[in-house]
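The values are calculated or read from the model by the stated rules, or taken from the named source; none is laboratory data. Since we're looking at a predicted model, the values are computed, not measured. All Cβ positions, even for glycine, are placed from backbone atoms using ideal geometry, and neighbour counts span all protein chains on display. Side chains are part of the model used for accessible areas, which takes the heavy atoms of the whole protein and leaves out ligands, DNA and RNA. Shrake-Rupley method; radii C 1.70, N 1.55, O 1.52, S 1.80 Å.
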Amino acid sequence: MVAHIDPTADVHKNADVGESTTVWGLTHIREGASVGGDCSIGRGVYIGPGASLGDGCKVQNHALVYEPARVADGVFIGPAAVLTNDSYPRAITPEGKPKDADDWTPVGVTVRRGASIGARAVCVAPVTIGRWAMVAAGSVVTRDVPDFALVAGVPARRVKWVGRAGAPLEDAGDGHFVCPRTGERYTETDGTLHPDDPHLT
């Protein structure tokens, strides 16, 4: 099924929008951007030139995904969340001239498969959000987030582990954790969490 693009959305002719994706009103998808199939791109979203989103992503209203962000399959980006792209933002050069594209090198946020970024969270490039991780609403992420970590606060810090279903994992003792929704089991080793079933991705 072809993508459904609201007539008020501004999708550049050189952007790529996958099959069965819905792009809602007043969204702006820039040149060279790539959005996978089966995505939902909410009202007023901005996706910068060259940014890429995988299949099955959900980007809520007024989120800002600045280039060169790399967003994997199945990622949730909440309302008004921001993925930045400038380590040292300035409007002008030290000489007082307006900066242009030659005056800075954009750096992107990377979001791995299945991760979720809560409403109004800010991810400061060039951080990586790990697989199935969850960033709490309103957080400011300034360093990489491990797979399966739930981070919260300003700056964001890990407060719990979460499973693929999104629920906080229950501590089963001795570095073992279990998901209360699915029963999937995980083991923590040296500050990282791994599913006990190696087939889980």
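A few points about this structure:
- Residue count for segment 1-12, restricted to those that are more than 11 Å from GLY25 (Cβ to Cβ) and more than 24 Å from the chain's Cα centre (by Cα): 2.
- Of all residues making up segment 114-139, the number that are free of Cβ contacts under 8 Å to residues at least 24 places away in the same chain, open to solvent by 10 Å² or more (accessible area, probe 1.4 Å) and either of a type in the set (A, V, I, L, M, F, W, C) or in a loop (DSSP other than H, G, I, E, B) (or both): 2
- Evaluation of ARG70 against the conditions (1) open to solvent by 70 Å² or more (accessible area, probe 1.4 Å); (2) under 16 Å from ILE117 (Cβ atoms); (3) touching a Phe, Trp or Tyr at 6+ places or on another chain (Cβ under 9 Å) shows that the sole unmet condition is (3).
- Residues being surrounded by fewer than 24 Cβ atoms within 10 Å (Cβ to Cβ) and in a loop (DSSP other than H, G, I, E, B) - total across segment 140-154: 7
- Only residues that are within 14 Å of ARG131 (Cβ to Cβ) and in contact (Cβ under 8 Å) with a residue 24 or more places away in the chain were counted across segment 154-193, and they come to 8.
- Subset of segment 155-186 that is in a strand (DSSP E or B) and among the hydrophobic types (A, V, I, L, M, F, W, C) - its residue that is most open to solvent (accessible area, probe 1.4 Å): VAL159
- For segment 1-29, a residue qualifies if it is more than 30 Å from THR105 (Cα to Cα) and either open to solvent by less than 50 Å² (accessible area, probe 1.4 Å) or not in a loop (DSSP other than H, G, I, E, B) (or both), and the qualifying residues are ALA3, HIS4, ILE5, ASP6, SER20, THR21, THR22, GLY25.
- The set of residues in segment 30-46 being open to solvent by less than 60 Å² (accessible area, probe 1.4 Å) and either hydroxyl-bearing (Ser, Thr, Tyr) or over 16 Å from the mean Cα position of the chain (by Cα) (or both) consists of GLY32, SER34, GLY37, SER40, GLY44, TYR46.
- Filter result (of a type outside the set (Val, Ile, Thr), surrounded by fewer than 20 Cβ atoms within 10 Å (Cβ to Cβ) and either closer than 20 Å to THR21 by Cβ or touching a helix residue (DSSP H, G or I) at 6+ places or on another chain (Cβ under 7 Å) (or both)) within segment 79-111: PRO79
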